[in-house]
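The values are calculated or read from the model by the stated rules, or taken from the named source; none is laboratory data. Nothing here was measured: the structure is a model prediction, and the numbers come from that model. Counting neighbours? That spans all protein chains shown, and the Cβs are built from the backbone with ideal geometry, glycine included. We work out accessible area using only protein heavy atoms, side chains counted, and drop any ligands, DNA or RNA first. Shrake-Rupley method; radii C 1.70, N 1.55, O 1.52, S 1.80 Å.
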Amino acid sequence: MSRPRPRAKAAIPRSETRLIAFNKPMDVLSQFTDDGHWPGLKRYLDMPGLYPAGRLDRDSEGLLLLTNDGILQARLTDPKSATPKSYFVLVEGTPTPEALAALRQGVTLKDGPTRPAKVAEVAAPAWLWPRDPPVRFRLNVPEAWLQLTITEGRNRQVRRMCAHVGLPVLRLIRWSVGDHTLEGLSPGTWKALQP
């Protein structure tokens, strides 16, 4: 008596890799679920199977990448890949040459020394949208905009680096991750990218 031949398994189609750029508004979490106090991404994106590639603090704004590809997600977030992340940062105070030089050399935080950052004082970005709630303004305290690029992604790293050199952050907007930018995205909107 011959045994029945096993059926050939149908090839499981590999889902197409998706990469989404989302302009995360202020006070939105970098997770899909609300936490009871702050809204999550599902209020803006109905895309099951996508996960954030990295995080952006609740009180930060700007580019958040999402993907359905775990390998791509790891490549974008692994510190060893040294993916550059660029930010526009409104700081309180006047950036001194010494403060900027310290950021360019890397500073030592509680969790160790940072990699050197690229940093320059810049004009307020022309594409800047109003923030809700607005940034606190004090008449007698100067403010300045910095463009700062790092190649690691520690918890609240840009804020901690700036505070370390005496420049508390008032507003932080992530402009780019690698070659992907926020260009053309208003807060709460998204676009598909080429992975």
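Here are a few things to note about the model shown:
- Theoretical FRET efficiency, 1/(1+(r/R0)^6), r = Cβ-Cβ of GLU143 and ASP57, R0 25 Å, to 0.05: 0.80
- Extension gain, ARG104 to SER15: 0.36 nm times the residue separation minus the Cα-Cα distance gives 27.9 nm.
- Over the C-alpha trace of the chain, radius of gyration and Dmax come out as 20.5, 95 angstrom.
- Surface listing: THR114, THR151 arranged by accessible area from highest to lowest gives THR151, THR114, probe 1.4 Å.
- With all protein chains in place and ligands, DNA and RNA left out, the 1.4 Å accessible area ranks TRP190, TRP127 as TRP190, TRP127, largest first.
- The chain: most fluctuating residue of THR67, THR83, THR94 per GNM, C-alpha cutoff 10 Å: THR94
- Residue-level accessible surface for THR189, protein heavy atoms, 1.4 Å, Å²: 50 Å²
- In terms of distances greater than 25 angstrom between alpha carbons, the cross-link table entries LYS42/LYS191; LYS118/LYS191; LYS80/LYS191; LYS80/LYS118 yield LYS118/LYS191; LYS80/LYS191.
- Potential extension, LYS118-ALA192 segment - 0.36 nm per residue separation minus Cα distance: 23.8 nm
- Listed residues LYS118, LYS24, LYS191 arranged by accessible area, highest first, probe 1.4 Å: LYS118, LYS191, LYS24
- The figure for TYR44 is an accessible area of roughly 90 square angstrom, using a 1.4 Å probe on the protein chains alone.
- Sites GLN31 and ARG154 - FRET efficiency at Förster radius 22 Å, r taken between beta-carbons, to 0.05: 0.75
- Given in Å, the Rg to one decimal and the Dmax to the nearest whole number for the Cα atoms of segment 25-128 are 16.6, 47.
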